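Remarks on the structure that follows.
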Amino acid sequence: QVQLVESGGGLVQPGGSLRLSCAASGIIFSRYGVGWYRQAPGKQRELVAALNIGGRANYADSVKGRFTLSRDNANNMVYLEMNSLKPEDTAVYYCSAWYPGLNYWGQGTQVTVSS
């Protein structure tokens, strides 16, 4: 059974930092592209950052220079380091893993940026 379990969300003040983690199981992790998406209330889910198996990263323009995506294949983990957080970063953040014809999602973790 494939599972992606996110953690690390919470409430943070503007300008603060958070590190999201995603633990994957049930897949040959190193063969999958991984990434983070987010969905704010009333908005569509959007890509935040993605990392293909070749190590090439792609970031949404709104988070470039502030967020860093990384993976640890040895431990089946994906991380999203978020710095200089803004109120508009408030959303539920979802971990995703994909392979041709397959796409898996975590249950999401809430990130709230507010003073």
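Of all residues in the range 68-92, count the ones that are in contact with a Leu (Cβ under 6 Å, 6 or more places away or on another chain) and farther than 21 Å from Ser30 by Cα.
Adding up the residues that qualify gives 1.
Would you please list the contacts, defined by Cβ atoms under 7 Å and residues six or more apart or on different chains, that run from a residue in the range 52-81 that is open to solvent by 60 Å² or more (accessible area, probe 1.4 Å) to a residue that is among the hydrophobic types (A, V, I, L, M, F, W, C) and part of a strand (DSSP E or B)?
Matching pairs, first to second residue: Asn58/Ala49; Asn58/Ala50; Glu81/Phe67.
Which of the residues belonging to the range 13-42 are open to solvent by 20 Å² or more (accessible area, probe 1.4 Å), assigned to a strand (DSSP E or B) and not hydroxyl-bearing (Ser, Thr, Tyr)?
Those that are open to solvent by 20 Å² or more (accessible area, probe 1.4 Å), assigned to a strand (DSSP E or B) and not hydroxyl-bearing (Ser, Thr, Tyr): Leu18, Arg19, Ala23, Gln39.
Please determine, by comparing only the residues of the range 82-115 that are aromatic (Phe, Trp, Tyr) and out of contact with any helix residue (DSSP H, G or I) (no Cβ under 8 Å at 6 or more places or on another chain), which one is least open to solvent (accessible area, probe 1.4 Å). Spell out the reasoning first.
First, pick out the residues of the range 82-115 that are aromatic (Phe, Trp, Tyr): 93-94, 98-99, 104-105.
When the remaining residues are screened for being out of contact with any helix residue (DSSP H, G or I) (no Cβ under 8 Å at 6 or more places or on another chain), the result is 93-94, 98, 104-105.
On the way: Tyr93: 0, Tyr94: 35, Trp98: 74, Tyr104: 63, Trp105: 100 Å².
The extreme case among them is Tyr93.
The values are calculated or read from the model by the stated rules, or taken from the named source; none is laboratory data. Keep in mind that this is a model prediction, so the values were computed, not measured. No Cβ is skipped: glycine too gets one built from the backbone with ideal geometry, and neighbour counts run over all protein chains shown. Surface areas here come from the heavy atoms of the whole protein model, side chains and all, with no ligands, DNA or RNA. Shrake-Rupley method; radii C 1.70, N 1.55, O 1.52, S 1.80 Å.
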